[in-house]
Every structure is written in structure tokens, then in C-alpha cells.
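Have a look at the structure below before the remarks.
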Amino acid sequence: MEIKKKECAYDGYFKINKLTVSQNGHTFTREQFDRGNAVAALVFDTEKQEYILTRQFRIGSESELIEVVAGMVDEGEEPEESIRREIAEEIGYLVDRLEHLYSFYSSPGGNTERVELYYAEVSEQYAGGGGNAHEHEQIEILRYPAQELDALVTPDAKTIIAQQWAKLQRK
């Protein structure tokens with residue numbers, strides 16, 4: 001498949017591109033949801049020996065989801081800066097140690113979003129967290145010991161990946 005032309009079809013809170021592509025002598029169009037790049041982290045409080053997750057309403061699922069700390073990479077930021085910022089905003093911690101786990105596309109069939117997943121260790125909460133009011137975030141902080149994290153059922157892919165990584169580390 002070869003992309004012949006790419007144009008912006010919609011530029012609002014999100015962006016949608018219209019691509020003209022050719023393959024095997026056929027030319028056709030496809031829409032591409034340009035989401036930007038995201039970061040996420042499974043956060044572990046080394047003092048309390050608990051994992052810290054969040055609960056918030058998500059537009060895509062039209063429901064509240066329990067998930068690892070996550071957010072978007074802002075323009076001009078490196079992913080590591082972005083996840084440190086998100087951890088501070090969402091749960092009120094500074095990061096003691098950060099380890100990159102995986103890079104993956106959330107839905108590559110039509111979405112550009114690439115997720116950088118980290119494991120973060122923290123030890124002292126310096127602020128309340130809860131997200132940014134100007135972004136209309138309302139985030140609840142949840143804490144899980146290892147067994148409860150393992151038992152958590154969530155439809156969120158990045159959280160499932162983080163859960164599986166954590167289980168493998170304890171074996």
C-alpha cells in the first residue's frame with residue numbers, strides 16, 4: 001500500500017486525516033484518526049507496597065474506567081517528561097524511578113496513537129492529584145496490593161498489558 005495524498009478532513013479537539021492510497025492497481029480513500037502520542041505508567045508506591053491506579057470517565061468507552069496513569073504527550077515534550085507530568089497531575093507524586101516497558105499502537109487499523117508504557121516507582125505524595133481542572137479532569141486515586149491488581153478486571157488495554165507485566169515480574 002502506498003499513501004499518495006494526505007489531507008486534513010477535520011481539525012477540532014481531535015484530528016481526522018483523509019488519505020488517498022493505492023494498492024495493487026486500485027486507488028481508494030481511508031480516514032485516519034490522528035490522536036497524537038500517549039504515555040501510561042503502572043505506578044508502584046514503594047513505601048506502602050501498593051499499585052496506584054485511577055478511575056475517570058472516558059469519552060471513548062462512555063463510562064468510567066479503572067486504568068493506569070495515562071495522558072497525551074504535549075507538543076515539545078519527550079514521552080518521559082510527559083509521564084512524569086501526568087503522574088504529578090493525576091496522583092500527586094514525583095517519580096523516584098522510571099522504566100520504559102513497551103511501545104505499542106492502541107488501534108493501528110485507523111488510529112495513529114502510539115503508547116509508551118512505563119513502570120514508575122514513587123514514595124511520597126506531595127499533592128492531592130485528581131487531574132487538571134482546566135482540562136475538566138475528575139480523577140479518583142485507587143490503591144491496590146499486588147493480589148488485588150492481579151484480580152482487577154478492566155477493559156482497558158494498556159492496563160491489561162501493565163497487569164500482565166507486573167505478574168511476570170513477581171514469578
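The values are calculated or read from the model by the stated rules, or taken from the named source; none is laboratory data. These figures come from a predicted structure and were not determined experimentally. Glycine gets a Cβ as well: all are built from the backbone with ideal geometry, and neighbour counts include every protein chain shown.
So Ala41 passes all but one of these: (1) of a type outside the set (Ser, Thr, Tyr); (2) in contact with a Phe, Trp or Tyr (Cβ under 8 Å, 6 or more places away or on another chain); (3) farther than 16 Å from Gly129 by Cβ. Which condition number does it fail?
(3)
Restricting to the range 97-142, count the residues that are under 18 Å from the mean Cα position of the chain (by Cα) and under 19 Å from Glu64 (Cα atoms).
Looking only at that region, the number is 13.
Name the residues in the range 150-168 that are closer than 21 Å to Gln49 by Cα, surrounded by 14 or more Cβ atoms within 10 Å (Cβ to Cβ) and small (Gly, Ala, Ser), would you?
Residues satisfying the conditions are Ala162, Ala166.
Kindly evaluate Pro108 against the criterion of being closer than 22 Å to Tyr13 by Cβ and at pLDDT 95 or above. Spell out how you get there, then give the answer.
Working: closer than 22 Å to Tyr13 by Cβ: yes; at pLDDT 95 or above: no.
Spelling it out, it is not the case that Pro108 is closer than 22 Å to Tyr13 by Cβ and at pLDDT 95 or above.
Given the criterion over 26 Å from Leu152 (Cβ atoms), within 15 Å of the chain's Cα centre (by Cα) and of a type in the set (Gly, Ala, Ser), identify the matching residue among Gly36, Gly60, Gly76.
The unique qualifying residue is Gly36.
Kindly establish whether Gln147 is surrounded by fewer than 16 Cβ atoms within 10 Å (Cβ to Cβ), of a type outside the set (Lys, Arg) and not in a loop (DSSP other than H, G, I, E, B).
Yes: the conditions hold for Gln147.
Among the listed residues Glu64, Glu99, which satisfies the condition of being free of Cβ contacts under 8 Å to residues at least 12 places away in the same chain and not in a helix (DSSP H, G or I)?
Glu64
Of the conditions (1) assigned by TED's automatic domain parsing to the domain that holds Asp150; (2) of a type in the set (Val, Ile, Thr); (3) out of contact with any Leu (no Cβ under 7 Å at 6 or more places or on another chain), Val21 satisfies every one except a single condition; which number is it?
Result: Val21 passes all but (1).
Looking at this structure, is Glu116 assigned to a strand (DSSP E or B), among the charged types (D, E, K, R), in the same structural domain as Glu64 (by TED's automatic domain parsing) and surrounded by 15 or more Cβ atoms within 10 Å (Cβ to Cβ)?
Yes.
From Glu47, Glu90, which residue is modelled with pLDDT of 95 or more and touching a Ser or Thr at 6+ places or on another chain (Cβ under 9 Å)?
Checking each option against the conditions leaves just Glu47.
Considering the range 143-160 alone, what residues qualify as being in contact (Cβ under 8 Å) with a residue 60 or more places away in the chain and under 15 Å from the mean Cα position of the chain (by Cα)?
Thr154, Pro155, Asp156, Lys158, Thr159
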